1. Lysine pairs in chain B with alpha-carbon atoms under 27 Å apart, 8 or more places apart or on different chains: how many are there?
2. Amide H of A:GLY194 versus every other amide H placed in the peptide plane: which residues, excluding those fewer than 5 positions away on the same chain, fall under 5 Å?
3. Can you grab the distance from the C-alpha centre of segment B:28-80 to the C-alpha centre of segment A:105-156, Å, no decimals?
4. Among B:ARG143, B:ARG296, B:ARG205, whose mean-square fluctuation peaks in a Gaussian network model of chain B (Cα, cutoff 10 Å)?
5. Find how many whole Å separate the alpha carbon centroid of segment B:272-327 from the alpha carbon centroid of segment A:179-210.
6. Highest first, please rank the peptides B:39-48, A:315-324 by the mean number of other Cβ atoms sitting within 10 Å of their residues.
7. Among A:62-75, A:265-278, what's the highest-first ranking by average C-beta atoms within 10 angstrom per residue?
8. Please give the average number of partner chain Cβ atoms lying within 10 Å of the Cβ of each residue in B:254-261, rounded to a whole number.
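Coordinate-derived values only; no laboratory data. Computed from a predicted structure; not experimentally measured. Heads up, the Cβs are rebuilt from the backbone with ideal geometry, glycines too, and the neighbour counts pull from every protein chain shown.
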Amino acid sequence: MADRMTDVSRPESAPAERAPDADAAAGPARMGGMRHPQPETKRSRRGDSVFRLLATGSGSLIVAAVALIGLFLLVKAVPSLLANQANFLTSPDFVTTDPSKLRFGIRDLLFVTVLSSLVALVIAMPVALGVALFLTQYAPRTLARPFAYIVDLLAAVPSIVYGLWGIIVLGPKLEPIMSWLNRNLGWIPLFATGNVSIQGGGTIFTAGVVLAIMILPIITAVAREVFRQTPRAQVEGALALGATRWEVISTTVLPFGRSGYIAGSMLGLGRALGETVAVLIILRASSSPSGLSLFDGGYTFASKIASAASEFSQPLPTGAFIAAGLVLFVLTFVVNALARSIAGGKVNA
Amino acid sequence: MTVISPDEPAIKPVFRSVGASRKIKNWVATGLVWLAFALAAVPLVWVLVTVLGKGYRALLSPTWFSHSLRGVLPDQFNGGVYHAIYGTVAQSLICAVIAVPIGIMVGIYLVEYGATRTDTESTPRRALFQPRRRVRRQHGRGRLARMTTFMVDILAGVPSIVAALFVFAVWISTLGFSQSALAVSFSLVLLMLPVVVRATEEMLRLVPDDLREASYALGIPKWKTILKIVLPTAFSGIVTGVMLALARVLGETAPVLVLVGYSRSINFDVFDGNMASLPLLIYSELINPTPAGQFRVWGAALTLILIIAVLYLVAALVSRFSAIKTR
C-alpha cells in the first residue's frame, strides 16, 4: 500500500524537478492525465466566458435593434392610426395640421414611391448587367481595376449632391425628352400630362433617372461578384467547343449569375424605395392627387416624412408620419429579405 | 477513289468557321456592353465636373474654412462653413466612437463564435431508398448567429429616414430629450453599423485558420487569440472598412433634418442646441434664390465631396501598405 502511494506521489514531484526546463508548460500534459488545475486555466476560462458574453451580447444587440425599430414605430403610429378619419390605404389626402381632424392615407405616397423606384430599376438593371459583364469579361485585365473603381465612385457621392445635380442640371436637360414623350405618346397613361408642369423637370421621370444612377453601383457590385464566381471549367468548356465570347457568356456566365443578379436588383430596389433627400429636392409638390403618369410630382414615403420634419411637435400628427415610416420599413424589410433568400448565400449584401 | 490526305481529318469539323449571324451577335453584344460602361461613367464625370465647376469659387474665398454664417445676410458673399464642417465631423466622430467597437464585436461574434465550419455545406444527395436520417438540431449559438447575420443585412437596407424616425421616437418622443447633435449621432450609428460589421467579417475570414490553430496549440485562450493575433492581422482591412463606412455616413441628410435644428453660428455643444452640418446647410440654402445662396450651396457640396475624397484616399493608402498576406 505504502509503495503504491509513493508510486502515485512520485509523478507529482517530477514536474517540480523539471520546472526550470523549457517544456515545463507541457509537463502536466505529458503526465498521462494527471493534471493540477493551473491558475492560468481558471483565469483564461473567465476571460473566455467574459469575451464570449461580450461578443454574443453584441450580436443580440443587432437583433434587438431591428426588432425595437419595428416595435417603436408601431407603438407610436397606432394612436394616430386609430384617430385617422380617412382610410389609411386608399385616401390620397395627407392633412395633419389639425390633430382633431387627422386625415392621412398613403395611396399617393405609394404610387409615387413605386413608380419612381420602378423607373429607376428599368433603367438601371440593363445598364448594370452590361457594366458587370464589361468589368468581368470584356475589359482588359489591367484596366479592369480602375474601371471598377470608377463605378464604385458613383456610390461615394452623397445623395444630397445627386439631388442638387438632378434638379439644377439634369432636369432642364430632360425637359425636351419629357415634352416629346408627352406630346407624342400622351395617350399612354404613363406619359399623360401629370399634376405638375414639366418645366423645371421636377417630375417622377427625372427622379427615376437620378435614382437609377444611385442604385447602379449596388447592382453592379453584386452582379460583378457573382459573375466572377462562374466555374472556370464551364467557361473553358464552352470556349473549347468553339463558342464566341457572347455565346460563352450567354451559356455559362448568365445562367449561373442569374439569381445573384436578381438579388442585387432587389437590393437596389430597396435602396431606391428608401431614398430621401434626392427625391425631396427633385420632386415638386403638387396639389392634386397622383395618377399613373411619369410626369407627376408629389412625395414618396421618405420625402414626405423629411419634408414635414420640422413640424414634429405634437404626438398625433407625428404619429401619422411615423405610420408612413412604418410602411416604408416593412417594404424595405420584405424586399431585402427576398433578395437574401434569392441569393441563397452566394452573395454578401 | 478520293485521296485522303493524312493532314486533314476524315470528317469535316463542324465548328471550323463561325457563321455570320453568330459573329454579328458577338459584335452587337460587345458594342452594347461598352455602351453600358460609357453610360455608367458619364453621370459620374458629369456630376463631379458640375460640382467642381460651380463650387471651386467658394472654396477659394478667404473666409470659407474659418468663419461661420453668423450675422451674414442671405445675399452676401462673405462668411464660411466652419460651423457646418465642425458639425459634420463632430457628429460622424461620435457615431464612429459608438459604432466601431460594437461593429467589430459583432463581426468577431459572427466569424469566431457563430459560424460552424460545416453550416455552409449543403446536405449530400442520398440514394432514393435510404431512410432519412434525423437532422441534427442546430445549436442555439448557430441559430442566433444566423439571425444576427440576417438582421445585419436588414439593417443595411433600412432607409436613413426610418433610422432617424426611430431615434426620434425613442430619444425625443419617449425619453423626452430635446433635439441635439447627439441624437443625430445615434441614428448615424444605426446606419454605420452594418458596413463596419460586413467589413470586419470579411477581413476576419481572410485571416488563415492556421494562425488561429497554432495559437490554440500553444495554449493561448480564445479571447487572447482573437485580441492579440487575429485582430491585429485583420486590422488594416478593418480600418479601411471603417473609413468607407464613415464616408457613407458623412453625407446623410435625413437624420439631420429630423433630429437637429439648423444654426448659422458655431455651436460646440453636441448635447444641446442647434448645430449646422454640411448637408443641412445645403438644404437650408437651397431656398435662398440669390446668387450668394447658389454660391454657398455648391461650395458646401464641393467641401463635402472633398472630405469624402480624403477619407477614400486614406483608406486606399492604408489598404495598399498593409494587406494581409494570404496564401
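1. 5
2. Residues meeting the amide H criterion: A:PHE295.
3. Taking the Cα centre of each part, segment B:28-80 and segment A:105-156 sit 21 Å apart.
4. Answer for the Gaussian network model of chain B: B:ARG143.
5. Cα centroid to Cα centroid, the span is 33 Å.
6. Values: B:39-48: 17.5, A:315-324: 24.4.
Result, highest mean Cβ count within 10 Å first: A:315-324, B:39-48.
7. A:265-278, A:62-75
8. Partner Cβ neighbours, averaged per residue: 5.
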